[in-house]
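Worksheet: the structure to be examined is printed underneath.
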Amino acid sequence: MSVYKKFNGKRVKRKNKDYNRGTWYYEFRLDRRRYHKSIPEAATRKQAVSAERAAKSAIFENKYQTLTDTTTFTEFVDDVYYDYIEQNNVNTYSKRVFTKVLVKYFGKKPIRDITPEDCRKFLRARQGTPTIHGRARKPASINKELSTLSKILNLAKQERKVESNPLEFVPMLKESKPRERILTVEEKTRFDEVLHEDPIPFRLSTIAMNTGLRRGQILAIKLAHIDFEREILLAVPSKGRDSRQIPLNQTMLRLFREIEDEKPEGRIFPFKEFRKRWNNAMQRIGIEDFHFHDLKHAFATELIRRGNSPELVQLLFAHSDKAVTEIYINQKVELMRPAVNTLDDVQEIQGKIA
């Protein structure tokens with residue numbers, strides 16, 4: 001056991017003149033974790049030691065006592081998880097879609113009884129279940145469901161409904177290479193012409209093409225997030241990252257001024273899901289296999305084409321790893337062509353010398 005006194009932030013021994021003015025502390029390690037706390041109520045070493053024993057006992061009992069809670073998976077989702085996503089997530093629609101699948105599978109099972117093998121069985125079941133369109137389910141889609149399940153179980157751990165998260169022992173599926181889909185020149189022409197007819201998809205795509213923001217971040221924008229004087233947009237947090245400032249070009253400022261004149265209340269796009277609207281717009285245009293997320297590819301590609309460095313694109317995307325940015329930089333071969341073309345002069349000179 002280790003108890004000692006501190007005065008003005010420093011340890012003091014009995015021979016120190018300020019010893020009697022100091023405060024007792026305990027410090028110990030349990031299960032590789034350090035516990036350190038002041039005991040201002042303790043007047044003697046004996047009382048400090050007693051407080052340390054009580055703290056160890058409480059930690060031990062809290063960690064190793066058998067959980068008797070019988071809350072089912074469905075009950076926990078209804079009582080805790082849905083409140084959590086309403087407070088912390090912008091795009092609650094997708095979270096509820098994933099959760100619906102999980103509730104259907106785990107349902108009335110007590111959440112404390114979910115094991116790693118139960119999670120593996122769920123994973124295998126999803127791999128063997130085709131989509132509503134009869135296609136094989138993609139690993140990325142299953143991983144999103146597993147990620148949602150992991151969050152639910154972590155919340156349950158915080159609420160002391162489970163002792164640990166069983167998904168810690170279940171690896172995510174290996175995902176295929178990210179898609180690289182950008183519009184051809186002809187598709188881009190039709191895209192611009194038709195989208196002008198519907199202001200919602202037009203505004204959404206314009207913001208995506210000029211900021212590189214995700215759909216959920218765009219749908220969360222409020223006028224309060226726009227600083228017209230500094231020409232900055234405060235983007236809401238995404239994927240666990242902090243909120244950040246996005247510089248606005250003149251295209252964005254004109255668009256946001258136009259929206260400001262309409263005096264929207266709350267979010268400037270007052271709906272949570274627009275997939276059906278987007279798909280209908282793509283059908284009218286006659287463009288296949290083009291997702292809203294693909295606009296991020298176009299944003300990065302245009303930045304690179306216009307002479308901006310990958311490091312700058314990485315900063316605009318808020319990627320922690322340059323390799324992530326490379327996913328969105330399309331047509332890399334064409335971007336590199338001018339560099340190798342500079343060698344043509346060398347080859348010509350060498351030919352003349354020979």
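A crude spin-label estimate for the pair ASP69 and ASN16, with each label 7 Å from Cα along the Cβ direction, gives 4.1 nm. Pairs of Cα atoms in the range 125-255 fall into 5 Å distance bins, from 0 up to the last occupied one, in shares of 2, 8, 12, 13, 13, 14, 15, 11, 7, 4, 1, 0 percent.
Here the accessible area is traced with a 1.4 Å probe on the protein chains. For the range 57-170, carbon and sulfur cover 48 percent of it.
Taking 25 Å as R0, compute the FRET efficiency from the Cβ-Cβ separation of ILE232 and SER147 and round it to 0.05.
Once rounded, the FRET efficiency stands at 0.20.
Annotation: amide H-H contacts under 5 Å for GLU27 (H modelled 1.01 Å from N, sequence separation of 5 or more, or interchain): SER2.
As a calculated quantity, the FRET efficiency between ARG29 and ASP113 at R0 = 30 Å, using C-beta atoms, amounts to about 0.45.
Among the listed pairs LYS109/LYS276; LYS5/LYS157; LYS100/LYS138; LYS151/LYS263; LYS10/LYS56; LYS109/LYS144, a Cα-Cα separation exceeding 29 Å is found for LYS109/LYS276; LYS5/LYS157; LYS151/LYS263. Solvent-accessible area of HIS291, all protein chains in place: 90 Å² (probe radius 1.4 Å, heavy atoms, ligands and nucleic acids excluded). Legend: calculated FRET efficiency, LEU253 to LYS188, from the Cβ-Cβ distance at R0 = 22 Å, rounded to 0.05, equals 0.45.
The values are calculated or read from the model by the stated rules, or taken from the named source; none is laboratory data. What you see is a predicted model; the values in this text were computed from it and never measured. Glycine also receives a Cβ, built like all others from the backbone with ideal geometry; neighbour counts cover every protein chain displayed. What goes into the accessible areas is simple: the full protein's heavy atoms, side chains included, and nothing from ligands, DNA or RNA. Shrake-Rupley method; radii C 1.70, N 1.55, O 1.52, S 1.80 Å.
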